[in-house]
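Notes for the one structure printed next.
The values are calculated or read from the model by the stated rules, or taken from the named source; none is laboratory data. Because the structure is a prediction, the values reported are computed rather than measured. In this analysis, Cβ positions are derived from the backbone assuming ideal geometry, glycine residues included, and neighbour counts consider all displayed protein chains. Protein only, heavy atoms only, side chains kept; ligands, DNA and RNA dropped before computing areas. Shrake-Rupley method; radii C 1.70, N 1.55, O 1.52, S 1.80 Å.
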Amino acid sequence: VTNPDIMASNGVIHVIDTVMVPPPLGTLVDVVTATPALSSLLAAVAEAGLADTLASDGPFTVFAPNDAAFAAAEAVTAGLKVDELRDVLLLHVASGASVAAGALTDGLAIATAGGGTLYARADSGAPLGWRMENADGSSAANVVLADVAASNGVAHVLDAVILPPQSSPPDIVNTALSIPDTFSSLTDSLTAAGLVGSLQAEGQSFTVFAPTNDAF
């Protein structure tokens, strides 16, 4: 300070001899680390081995579930294998683009780093007017904090963990065919007996007591 206390009608000026600049922005990992409400996300990123990825150049857009979101989803996320957890987390990351909240439009499709898609939906009931949902609309979250800037992208905080769409399991015949070491004798017998079509009938539901190869 080289000249203090220059009074004005609405405040005071202190003259200084250097232009002060903000400290450089940290990476998205640094942002998550510095945000107490994202501690569960930080732990999940570390467990899934994604910290180095999110500290790289990017740019990335991260839709970051907060701690309350992870607590609500614990029944699902706690039982996930590492690769399954990685798939869930990558559904929350767009690679190659830094998408600010102002760029969101209703129905905007955002390709995610795991090969999935998130859709932006205008929602007057959401805290900031936006929610994000998965490809089939079965899992969604509200944006509760937008445009948290980082050196390699931007983060938007969500109030829920978005889960990938659940694909339908294969039918009984194809399930048996996928485990030949156990059921090849059964599937051969079904074919010989002409029952494959019956067990693949549209709209039918069955319970099969399935003898193993050793049983046959």
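For this structure, a couple of remarks:
- Within segment 128-139, if we keep just the residues that are at pLDDT below 95 and open to solvent by 20 Å² or more (accessible area, probe 1.4 Å), the residue that is farthest from Leu38 (Cα to Cα) turns out to be Asp136.
- Helices (runs of 4 or more DSSP H) contained entirely in segment 1-55, each with at least 1 residues that are on the phi > 0 side of the Ramachandran plot and not basic (Lys, Arg): none
- Test: residue in segment 31-38 that is at pLDDT below 95 and more than 21 Å from Val144 (Cα to Cα): no
- Residue in segment 80-98 that is in contact (Cβ under 8 Å) with a residue 12 or more places away in the chain, in a helix (DSSP H, G or I) and more than 11 Å from the chain's Cα centre (by Cα) present: yes
- Being loosely packed, with under 13 Cβ neighbours inside 10 Å and either on the phi > 0 side of the Ramachandran plot or among the hydrophobic types (A, V, I, L, M, F, W, C) (or both) holds for only one residue in Ala176, Ala193, Ala210, and it is Ala193.
- Inter-residue pairs, beta-carbon under 8 Å, first at pLDDT below 95 and in segment 150-164, second of a type in the set (Lys, Arg), 6+ apart: none
- Within the option set Glu84, Glu47, being surrounded by fewer than 17 Cβ atoms within 10 Å (Cβ to Cβ), touching a helix residue (DSSP H, G or I) at 6+ places or on another chain (Cβ under 7 Å) and of a type in the set (Asp, Glu) holds for one residue only, Glu47.
- Meets criteria (closer than 30 Å to Val88 by Cβ, part of a helix (DSSP H, G or I) and open to solvent by less than 50 Å² (accessible area, probe 1.4 Å)) for Ala155: no
- For segment 162-206, the helices (runs of 4 or more DSSP H) that sit wholly inside it and include 3 or more residues that are among the aliphatic types (A, V, I, L, M) are 172-177, 180-193.
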